[in-house]
Amino acid sequence: MLEAGDGLALQPLEGGAFRIAWGEPDWVGPIALRVEHGGDVYMSPGATERPGARALSPRVQDFEGEDGLGRYRGHALAWSELPLPLLTTVRAYKSLPVLVFRIEALSELSELTTGAFERTSVAWPALMVESFFGVRGLREAPGRAHAWQEGLDRAAGEYGLTLQWCMGTPADWLQTVTLNNITSVRTSGDYRYLFDNGLNWVWFLHGNAFARALGLHPYKDVFLTHGETGLGPGEKYVEAESLLASLSAGPVGIGDRLGHTDREIVLRSCRPDGVLVKPDVPIAACDRCFRESAFFEKAPLVGETYSLHPAGRWRYVVSLNAGRAKEPMDFRVELADLGMARPEGAVILYDWRRRAWTRLDADGGWDVQLQFQDFDYRVVCPLLPGGITLFGDVSKWATVGDQRIAQIEAVAGELCFDLLGAPLERVEVRGWSARAPGGATAWCPGGRRVLPIRSGEPAGEEGIAHDRETGFFVLAARLGREGRSRIRVSLP
């Protein structure tokens with residue numbers, strides 16, 4: 001940590017990141033930061049000139065130093081007259097600067113925020129501002145938090161930015177009904193901070209129930225995608241972290257150092273072109289979790305979400321052992337546990353981890369055995385007319401998310417759906433059919449192709465492979481240049 005005078009501290013971090021903080025509790029404000037490192041220049045929001053800054057007293061501080069990547073130097077410009085601390089981190093990934101502007105405590109924002117946002121919108125037009133709420137100053141006078149949030153929202157709207165409320169109270173979330181630029185909310189604590197993963201999962205799924213009711217998209221914080229490396233232990237429970245982040249229906253963030261990301265884990269959440277494949281609503285704790293604590297008692301943490309299509313509702317059900325006793329757990333999950341989301345008819349239950357399936361009636365369920373912080377994941381697929389269903393693209397967590405499979409319909413003796421992805425991508429979809437399909441086609445602009453039906457052999461480049469004994473099938477198709485194809489499967 002370098003002390004640079006006036007309470008300014010600069011801490012070089014790994015990977016070309018810099019952490020800047022002001023320690024004096026009676027002086028802090030929005031900053032402008034310029035850092036030259038390894039021939040690259042990184043700029044933060046704010047600048048030497050901006051509206052509303054004339055009435056304040058700017059302070060300029062130069063700094064320089066050296067880290068494992070070489071020499072760096074720069075200067076920071078700040079405005080005073082605000083009583084609470086602000087922290088900004090600038091992190092450089094190769095030549096791409098990524099800024100996290102953490103506004104933790106500004107109570108008089110109309111002029112200050114607008115100026116900082118104006119500069120931000122020029123440098124990073126897609127930036128999301130993450131706003132933290134764990135500050136007493138916002139609660140010291142009635143109306144202060146309300147005015148602060150409306151000031152942030154107004155400024156963000158003027159400059160085309162979006163906002164994320166981070167670790168707010170229920171009152172902060174309720175306030176979003178009057179705001180226009182809140183796109184996500186943090187509904188759990190910081191990743192790997194103070195306690196086990198499981199307690200954060202409990203926090204996340206219970207908070208999501210409230211966020212979901214308000215139409216907000218949760219963010220679970222970043223996670224590591226890799227196991228143990230020379231840099232540290234990595235993440236033992238990466239699959240559960242990735243699954244919950246993906247089913248949040250909000251942003252998915254990874255926190256790996258460059259070169260250590262597990263590509264296969266990342267691609268469970270998105271298509272090859274980077275588009276996230278998500279459910280329709282955030283995963284949230286089921287009612288049973290509000291009757292028995294999944295942390296304090298020997299009870300499972302069960303969450304559900306869904307993807308809705310014209311043919312019906314596909315439900316995603318996650319069960320976790322997050323108990324503080326850290327003991328193995330045996331329990332049963334009933335379809336009735338899904339509450340208002342419970343199916344009304346027969347379903348095919350797909351076990352995502354074991355690649356197995358079984359038929360269940362509406363009053364059915366399944367038994368689960370889990371070690372501490374292990375998880376079980378099932379996709380509840382409606383049994384459609386003609387005795388057929390789709391499991392979806394089972395390389396993704398949200399197997400029938402509408403950015404991968406859209407508009408599933410079962411009409412006039414056909415099962416129809418859109419496949420979406422990267423241009424010319426080959427996509428595989430799995431499902432179950434009591435009888436072999438009678439035929440199949442794939443259409444995209446430029447023509448219609450027949451997909452051959454194969455029995456006892458792979459689907460090939462394009463086609464359907466159906467196992468007559470088990471009913472399991474794999475459909476493979478190549479997308480068009482627009483990144484989509486319309487699939488039609490005729491039923492016998």
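When you check GLY345 against the structure, is it more than 20 Å from PRO300 (Cα to Cα), out of contact with any helix residue (DSSP H, G or I) (no Cβ under 6 Å at 6 or more places or on another chain) and in the same structural domain as GLU304 (by TED's automatic domain parsing), yes or no? Quick ask: steps written out before the conclusion?
On the way: more than 20 Å from PRO300 (Cα to Cα): yes; out of contact with any helix residue (DSSP H, G or I) (no Cβ under 6 Å at 6 or more places or on another chain): yes; in the same structural domain as GLU304 (by TED's automatic domain parsing): yes.
Yes.
Listed here are the helices (runs of 4 or more DSSP H) enclosed by region 137-234 that have at least 1 residues being crowded, with 21+ Cβ neighbours inside 10 Å and either modelled with pLDDT under 90 or in the same structural domain as ALA322 (by TED's automatic domain parsing) (or both): 144-158.
Annotation: SER485 fulfils all but one of (1) touching a Cys at 6+ places or on another chain (Cβ under 7 Å); (2) more than 16 Å from ILE405 (Cβ to Cβ); the unmet one is (2). Looking at the structure I just gave you, is GLY274 in a loop (DSSP other than H, G, I, E, B), under 14 Å from the mean Cα position of the chain (by Cα), surrounded by fewer than 23 Cβ atoms within 10 Å (Cβ to Cβ) and not assigned by TED's automatic domain parsing to the domain that holds ASN321? Yes; evaluated as a whole, the condition is true for this residue. Within region 340-382, the set of residues being aliphatic (A, V, I, L, M), in contact with a Leu (Cβ under 9 Å, 6 or more places away or on another chain) and more than 21 Å from TRP432 (Cα to Cα) comprises LEU370 only. Screening the candidates ARG359, ARG324, ARG378 for the property of being part of a strand (DSSP E or B), in contact (Cβ under 8 Å) with a residue 60 or more places away in the chain and of a type outside the set (A, V, I, L, M, F, W, C) yields one hit, ARG378.
Specify the residue that is surrounded by the most Cβ atoms within 10 Å (Cβ to Cβ); the eligible residues are those in region 235-265 that are in contact with a Pro (Cβ under 8 Å, 6 or more places away or on another chain) and of a type outside the set (S, T, N, Q). Step by step, filter region 235-265, then rank; the result is LEU247.
The values are calculated or read from the model by the stated rules, or taken from the named source; none is laboratory data. On a predicted model such as this, the values are computed, not experimentally measured, just so you know. FYI the Cβ positions are ideal-geometry reconstructions off the backbone, even for glycines, and counts take in every protein chain you see.
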